[in-house]
Amino acid sequence: MRLYDFKKGIINSKLNEVAKAIKEGKIAVFPTETVYGIGANAYDENAVNSIFKAKGRPSDNPLIVHICDIEMLNKVTKGVSRIEKLIIDKFWPGPLTIILQKSDKIPLNVTCGLDTVGIRMPDEKIALELIKKAGIPIAAPSANISGRPSGTNIADIVDELKDKVDYIIDGGNTNIGVESTVIKVVANQVNILRPGIISPEDFEKIGIKVKLDTHIFEDVKQGDKIESPGMKHRHYAPKTNTFLVDCYKENTKEDAKGKKMIAKILKIASGTEDIICVIGCSENKKALEKISNIHYIDYGSKYNLLEISKNIFTSLRQVDKKKVNRCYIEGVKKEGIGIAIMNRLIRACDYNIV
Ligand code: TXA
Ligand code: MG
């Protein structure tokens, strides 16, 4: 594996090398504005297979195809509708994946046999230049072993993937921290299949009706119709037994919620000999970190959901390193990017809410 550091800027000769290697069938980790991806030539069935192998990804979970311009969009899809074009104009390049009809150029292992394909034009210079230089669309899932939190910082990624990929490009910590919003347009309405920083209000603002898929906060039950295969797979969970503390369910004032969270955790900690880990906001740190059987992981200010979003996967990855008996995570308000954060946290806790 070769690791190239682009934190101070793109080194053209190195990016050319990675682009050529990807075109010829190798796989490379590269940054996007959301999370890092593991990329392969989307037209090359064997290269795409190497991604599934590297991640240990279930063979029924399709990959997102990353493009750098509309010319590429037209090669990989067919029949983009007026409303889809409107959405593309508004949100690309950006953290939005749209499920569209695939063209015959995309091999079936990219989409796991589906006739639709998820497409995204990332808003990240390294990613866009890489696709442009390679001259082909790049299929890329998040950079992590399947089921683990998505890779957002290079240390975790190198640790986990160094023996599994050909190249890793270090572009520093990613800006958003949770993966792109995944949508499908059905009957002129946007269905959000996976929430991200582009929120329901962003579509409403441009006059488009939005529906959140029911599986965003609920587990898949037998017989349910599943719009996106990713919904039924376990995700982001630490090996440690983890619980979500959701104080926002209750209709109390901001201040009271903070106090309630602290009181709940203090009660849990004092009622046990166990060492527990708490992932929560900066505002509660002082009150909780002094308790002898609590390890506190500060995920950022509760008044800055983007900061929490940036830190959330790195925080989840720290839990198992702390060697604790249990972990409790403070929930956030389900609004804006808070919807995406809660979607990831509920899964990380395997739907255990206290
Ligand atoms: O921000 C992101 O989207 C990152 C960066 C690297 O672009 N990528 C990412 O990929 O998160 P991945 O593979 O971890 O998640 C892709 C999600 C999965 O939940 C998958 O089931 C869904 O998109 N998906 C892909 N193609 C689909 C399709 N044709 N129909 C429905 N869902 C699809
Ligand atoms: Mg993923």
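The values are calculated or read from the model by the stated rules, or taken from the named source; none is laboratory data. On a predicted model such as this, the values are computed, not experimentally measured, just so you know. Reconstructed Cβ throughout: ideal geometry from the backbone, glycine too, with neighbour counts over all protein chains shown.
Descriptive notes on the structure:
- Residue list for the stretch 136-154, restricted to those being away from ligand 2 (no atom under 16 Å from the Cβ) and either within 14 Å of the chain's Cα centre (by Cα) or β-branched (V, I, T) (or both): I136, I154
- Some residue of the stretch 192-200 being in contact with a strand residue (DSSP E or B) (Cβ under 8 Å, 6 or more places away or on another chain), outside any loop (DSSP other than H, G, I, E, B) and more than 11 Å from ligand 1 (Cβ to nearest atom): yes
- The sole residue among I308, I208, I297, I279 that is more than 16 Å from ligand 1 (Cβ to nearest atom), assigned to a loop (DSSP other than H, G, I, E, B), modelled with pLDDT of 95 or more and surrounded by 15 or more Cβ atoms within 10 Å (Cβ to Cβ) is I208.
- You will find that of A287, A256, the residue that is touching a Leu at 6+ places or on another chain (Cβ under 9 Å) and either more than 16 Å from ligand 2 (Cβ to nearest atom) or not acidic (D, E) (or both) is A287 and no other.
For every residue, the table says whether it meets (1) out of contact with any Gly (no Cβ under 9 Å at 6 or more places or on another chain); (2) touching a residue at least 60 places away in the same chain (Cβ under 8 Å); (3) closer than 22 Å to I216 by Cβ.
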residue: K260; (1), (2), (3): yes, no, no
residue: T272; (1), (2), (3): yes, no, no
residue: V278; (1), (2), (3): yes, no, no
residue: D320; (1), (2), (3): yes, yes, no
residue: I346; (1), (2), (3): no, yes, yes
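- Residue that is surrounded by the most Cβ atoms within 10 Å (Cβ to Cβ) [pool: residues in the stretch 160-180 that are part of a loop (DSSP other than H, G, I, E, B) and more than 16 Å from ligand 2 (Cβ to nearest atom)]: G171
- The one condition in (1) over 16 Å from the mean Cα position of the chain (by Cα); (2) in a helix (DSSP H, G or I); (3) buried (at least 18 other Cβ atoms within 10 Å of the Cβ) that I157 fails to fulfil: (1)
- Checking the stated criteria, R2 turns out to be over 24 Å from the mean Cα position of the chain (by Cα) and touching a residue at least 40 places away in the same chain (Cβ under 8 Å).
- On the stretch given as the stretch 1-37, residues that are touching a Leu at 6+ places or on another chain (Cβ under 7 Å) and either farther than 30 Å from R194 by Cα or crowded, with 24+ Cβ neighbours inside 10 Å (or both) total 4.
- Meeting the requirement of 1 or more residues that are charged (D, E, K, R), the strands (runs of 3 or more DSSP E) wholly within the stretch 46-141 are 116-120.
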